[in-house]
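Please read the structure below before turning to the comments.
The values are calculated or read from the model by the stated rules, or taken from the named source; none is laboratory data. These figures come from a predicted structure and were not determined experimentally. A quick note on method: Cβ atoms are made from the backbone with ideal geometry, for glycine too, and the neighbour counts reach across all protein chains shown. Each accessible area value is taken on the protein alone, full model and side chains, heavy atoms only, with ligands, DNA and RNA left out. Shrake-Rupley method; radii C 1.70, N 1.55, O 1.52, S 1.80 Å.
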Amino acid sequence: MKNSKRVILHYDMDAFYASVEIRDQPNLRGKPVIVGTSVITTCNYEARKYGLHSAMSVTKARMLCPYGIYLKVDKEKYNGVSKQIKNLVLKLTNKVEFIALDEGFIDITDIIKNYPSYEVFAKKFQRGILKNTGLTCSIGIGYNKLSAKLASDAKKPGGTTFIRGLDEFANFMSDKGIKLIPGVGKKTQEILGRKNIVEVSDVLKVSLQELRSILGYNRGEMIYEYSRGIDNRKVSIESKTHSISNEKTYSSPLEDREFIWSEFLGLLVKTHKRLEYQKFHTKTLTLKVRYLDRKTITRSKSINISTQNIEILKKLLTVLLEEIDLEDKIKLLGINMGNLSKNKEYQLAFKDIEEIKKERKIQELKDKIKDLKNI
């Protein structure tokens with residue numbers, strides 16, 4: 001099978017926490033199973049028939065599904081199963097980006113050449129996971145991360161979907177609403193809705209310049225590209241010895257921008273202390289955000305020379321925050337310092353500092369111009 005382009009697989013374990021519990025307690029099979037104490041973390045597909053979903057309060061869930069099986073979260077158990085899955089994936093390749101306990105991206109560009117079709121490889125992958133863990137997963141294979149993720153969401157549970165190129169992406173998205181585009185939350189839907197942009201097909205009629213004027217420079221460009229199947233992000237390959245991270249989950253969703261900034265800053269300081277303690281220097285800062293609807297995004301930025309300088313890292317944090325939607329409710333924040341090295345202390349190149357300042361200044365000017373247009 002000839003593959004000149006990238007081939008990316010996204011796997012997503014089906015109702016992960018609930019499925020683990022059902023595997024360990026077969027008597028629960030066929031019953032609505034809900035995992036969560038105050039808020040649902042996961043529920044199986046039988047429970048979803050009653051209108052239950054992740055992030056719903058358990059109080060409301062009990063009203064909709066009073067005879068469901070409600071279980072406490074056993075994070076230690078789920079972490080163990082997740083580690084088992086990750087180890088299975090790493091036997092295939094190290095070109096992997098694990099983005100949660102139950103999902104990840106795999107660059108299979110080189111591997112897929114040894115199989116007659118995407119279908120054959122996907123089914124073999126699913127059989128391997130099922131045989132070793134007793135769990136099912138949904139698979140999406142695409143030409144980039146965006147198409148692979150959308151494909152894995154298309155048929156659940158246990159489905160396989162393939163999007164091989166831009167033409168197939170266009171067909172796949174032709175009848176979809178804009179909420180399917182990553183980064184389009186409720187607030188963005190409202191803003192675009194006021195412009196009569198409600199379907200992906202409507203976005204395709206809008207110019208890049210107009211989308212930037214409506215949503216802001218970075219966000220407008222992202223929506224413009226994603227609606228057209230453009231996504232040049234690479235599968236970020238990092239091992240534990242090459243990154244240091246911290247994340248925090250919140251019982252009450254975050255909405256206040258100032259508070260979100262202060263929380264990110266606290267995570268940065270905490271992660272930086274570990275960086276210093278382990279005598280590492282970093283080139284890459286990554287922010288992670290998980291929204292109330294469990295949608296998870298990451299944004300990264302790198303510099304040319306590794307550093308331990310907290311002020312430089314704060315500047316990177318500021319730049320990255322401009323690329324993240326803070327309008328929708330947030331349940332988790334995370335920070336990762338990657339591309340670590342044990343280098344001696346280097347002064348950050350002057351051009352790196354100027355690059356960060358320049359990027360920040362350009363964005364400030366663009367925001368002012370946008371504000372003036374709205375007056």
Determine whether Ile230 is surrounded by 16 or more Cβ atoms within 10 Å (Cβ to Cβ) and part of a loop (DSSP other than H, G, I, E, B).
no
Checked the stretch 329-344 for anything crowded, with 19+ Cβ neighbours inside 10 Å, of a type outside the set (S, T, N, Q) and either within 15 Å of the chain's Cα centre (by Cα) or part of a loop (DSSP other than H, G, I, E, B) (or both); matches are Ile330, Lys331, Leu333, Gly334, Ile335, Leu340
| query | Could we say that Cys65 is without any contact (Cβ under 8 Å) to a residue 40 or more places away in the chain, open to solvent by less than 40 Å² (accessible area, probe 1.4 Å) and within 20 Å of Arg294 (Cα to Cα) here? | reply | no
Within the stretch 319-347, residues modelled with pLDDT under 90 and under 23 Å from Asp231 (Cα atoms) come out as Val319, Leu320, Leu321, Glu322, Glu323, Ile324, Asp325, Leu326, Glu327, Asp328, Gly338, Asn339
The number of residues in the stretch 10-39 that are surrounded by fewer than 14 Cβ atoms within 10 Å (Cβ to Cβ) and closer than 14 Å to Tyr78 by Cα is 1
So, first residue closer than 13 Å to Pro182 by Cα in the stretch 210-236, second residue acidic (Asp, Glu) and in a loop (DSSP other than H, G, I, E, B), Cβ within less than 8 Å, six or more apart or across chains; the pairs are Arg219/Glu323; Arg219/Asp325; Met222/Glu323; Glu225/Asp231
When restricted to Ala122, Ala170, the only residue touching a residue at least 24 places away in the same chain (Cβ under 8 Å), surrounded by fewer than 21 Cβ atoms within 10 Å (Cβ to Cβ) and out of contact with any helix residue (DSSP H, G or I) (no Cβ under 6 Å at 6 or more places or on another chain) is Ala170
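Which of the following residues is open to solvent by 30 Å² or more (accessible area, probe 1.4 Å) and within 23 Å of Ala100 (Cα to Cα): Thr296, Thr318, Thr286, Thr282? Steps first, please.
On the way: Thr318 fails: within 23 Å of Ala100 (Cα to Cα); Thr286 fails: open to solvent by 30 Å² or more (accessible area, probe 1.4 Å); Thr282 fails: open to solvent by 30 Å² or more (accessible area, probe 1.4 Å).
Being open to solvent by 30 Å² or more (accessible area, probe 1.4 Å) and within 23 Å of Ala100 (Cα to Cα) holds for just one of Thr296, Thr318, Thr286, Thr282, which is Thr296.
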